[in-house]
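Report on the structure given below.
Please treat every number below as a calculation from the coordinates, not as lab data. In this text, all values refer to a predicted model and were calculated from it rather than measured experimentally. Positions of Cβ are backbone-derived with ideal geometry, glycine not excepted, and every protein chain shown enters the neighbour counts.
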Amino acid sequence: MSAEDQKRQAAMRAVEMVEPGMRLGLGTGSTASQFVALLGERVKAGLSVICVATSTATEQLAEARGITLSTLDETPELDMTFDGADEIDGELRMIKGGGGALLREKIVAMASDRVIIMADESKMVENLGRFKLPVEVVQFGLRATLDMVEALASDCGCTGEIALRKTADRQPFVTDNGNYILECDFGSIGDPDELDEAFRFIPGVVESGLFLDICDVAIIATKDGVKLFEARRDLDEDVD
Ligand code: 5RP
């Protein structure tokens with residue numbers, strides 16, 4: 001089964017968790033897109049939900065599928081958010097932001113009672129950091145911010161190339177919030193909590209792609225079936 005098939009399997013399991021009347025956060029990326037498509041089918045069949053999107057891309061997708069959208073200002077408390085991840089470890093700590101939506105994803109996740117992460121098995125890792133950690137930074141003072149990120153990360157034992165994310169035509173990638181993204185090639189992050197804490201001292205850093213203590217349930221599609229991992233309860237349920 002391909003990674004794309006596994007993403008769909010995870011999204012299929014996730015969409016079963018949606019109940020009528022729920023207020024949902026919609027993530028960004030290819031796995032979240034599969035979820036939006038499946039949710040759209042349920043909406044077409046009569047399900048009533050209100051959703052807040054984490055990016056303009058997801059907003060457009062949801063609109064096209066006939067899903068009712070709201071904003072976090074109108075609907076500041078959400079029941080569940082469904083999103084993907086770039087990496088997820090055994091403690092359900094994650095790296096997110098591959099699609100450049102990490103800030104809105106984190107804001108929406110923090111406004112949700114439960115955060116459900118859907119992923120194919122390639123996203124499960126022993127240590128976070130092989131995926132280049134995205135860090136959203138303001139455009140002003142970019143060089144100074146990059147230097148501080150490098151210095152404080154190094155104090156946390158994280159070294160490696162830190163580069164500005166570029167688009168296909170070599171222009172700086174600009175997020176939906178008008179910011180830049182630094183990609184940190186640390187290889188392995190020994191202490192994600194310490195690194196996350198360090199980033200908070202840097203005024204130019206808006207948010208990092210470290211999502212710690214945020215995931216409530218991870219739905220991982222593997223070649224042996226779909227597995228659910230619940231935070232802090234080590235639940236491992238096979239759903240074939
Ligand atoms: C976007 C994200 C995505 O959830 C992450 O990049 C996973 O993407 P995909 O589902 O396409 O593998 O964090 O900012």
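Odds and ends about this structure:
- For segment 1-134: rounded, prolate or oblate by the Cα gyration tensor [a/c cutoff 1.5]: prolate
- Here the dipole of the chain is about 800 debye; that uses its Cα centre as origin and unit charges on the Cβ of Lys and Arg (positive) and Asp and Glu (negative).
- Label-to-label distance, E41 versus Q60, with points set 7 angstrom from Cα along the beta-carbon direction: 2.4 nm.
- Estimated vicinal HN-Hα couplings, Hz - segment 222-232 in sequence order (Karplus 6.51, -1.76, 1.60; Gly, Pro = x): 10, 5, 9, x, 8, 10, 10, 10, 9, 4, 6
- The magnitude of the dipole of segment 159-240, with charges of +1 and -1 set on the Cβ of Lys/Arg and Asp/Glu and taken from the Cα centre, is near 500 debye.
- Net charge, Y180 excluded, C-beta distance under 13 Å - Lys, Arg +1, Asp, Glu -1: -1
- Peptides 46-59, 163-176 ranked from most to least packed, by the mean per-residue count of other Cβ atoms within 10 Å: 46-59, 163-176.
- Taking a point 7 Å out from the Cα of D5 in the direction of its Cβ, the residues of segment 106-145 whose backbone N falls within less than 14 Å of it are 121.
- Protection proxy ranking of 67-79, 114-126, 217-229, by the mean of other Cβ atoms within 10 Å over each peptide's residues and highest first, is 114-126, 217-229, 67-79.
- Straight-distance candidates among the lysines for linking to K132, with alpha-carbon spacing under 19 Å and chain neighbours fewer than 8 residues away dropped: K96, K106, K123, K166.
- Calculated on the Cα set of the chain, radius of gyration then Dmax: 17.6, 54 Å.
- Rounded to the nearest 0.05, the FRET efficiency derived from the C-beta distance between E121 and D155 at R0 = 35 Å is 0.55.
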